[in-house]
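Below you'll find the structure, written out as structure tokens, and then a few comments.
Where a number appears in this text, it was derived from the coordinates with a stated rule and is not lab data. Everything quoted here is computed from the prediction, not taken from an experiment. Cβ atoms come from the backbone with ideal geometry, glycine included; neighbour counts cover every protein chain shown.
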Amino acid sequence: MHNLKLHRKGLLFYCVSAALFCISSGCATSKSTLSDLLLDNQLIVTEVSQDAKRSDCDTLVITCIDYRFAVENQGFINETLGLKDNYDHISIPGSILNLINPETSDLVLSKFALSVRIHLVKRIVMISHKDCGGYGGSAAFGSELAEHETLCADLRKARDLFLEKYPTLEVNLFLESLVQEGNEIKVHFEKIL
């Protein structure tokens, strides 16, 4: 447990720095060069839903930056939760780890407050995942049960922080994990009460 705390503290600076970078500038990983992305300065046009013209949205979604979950998260948020074109999405390393850490929670909450205030958000959806590098991966917990209990407890603490600051918000919690099903690896989402 002592090593887990030291590991968490060592990752604190990295996670907060990366989170602020992602929040302020957005994260995109590409092997393309800038000139490839700009297509020799040609105009790139994409279609936007008519709903995107609104200046508000109902929900703020908070996830980890882990690439293994990114595509499935979008499908879950857009289709399963039915939030397509109606949410802000903030990805930070460790998902809610920096939110519940007393040393960083005020800073992280202040960034989320922009979405709540400016876009008139009524609901928060927080998605944490197993084998999170922000926590040191699954191995840092010693057992699957300890990992599950810790992540669920941390999600609940994060919910309590939001409700303390914004008591009228609805806060939904989900824990996701990679699960081997036959020859495929799938993402499972568990709603946490």
Could you calculate the contour length gain from residue 106 to residue 180, that is, 0.36 nm times the residue separation minus the distance between their Cα atoms, to one decimal place in nm? 22.9 nm
Cut-off under 16 Å on the C-alpha distance; same-chain residues fewer than 8 positions from residue 157 excluded. Which aspartates and glutamates are left, in chain and number order? 103, 106, 147, 149, 170
If packing is taken as the average count of other Cβ atoms within 10 Å, what order do 179-185, 127-133, 154-160 fall into, highest mean first? 127-133, 154-160, 179-185
Highest-first arrangement of 62-75, 102-115, where packing means the average Cβ count within 10 Å: 62-75, 102-115
Given 76-83, 89-96, the highest-first ranking by average Cβ count within 10 Å works out to 89-96, 76-83
Extended-chain gain in nm, criterion 0.36 nm per residue less alpha-carbon gap, residue 168 and residue 144: 5.2 nm
List 152, 57 from most exposed to least, where exposure is judged by having the fewest other Cβ atoms within 10 Å. 152, 57
Can you put 175, 145 in order, fewest other beta carbons within 10 Å first? 145, 175
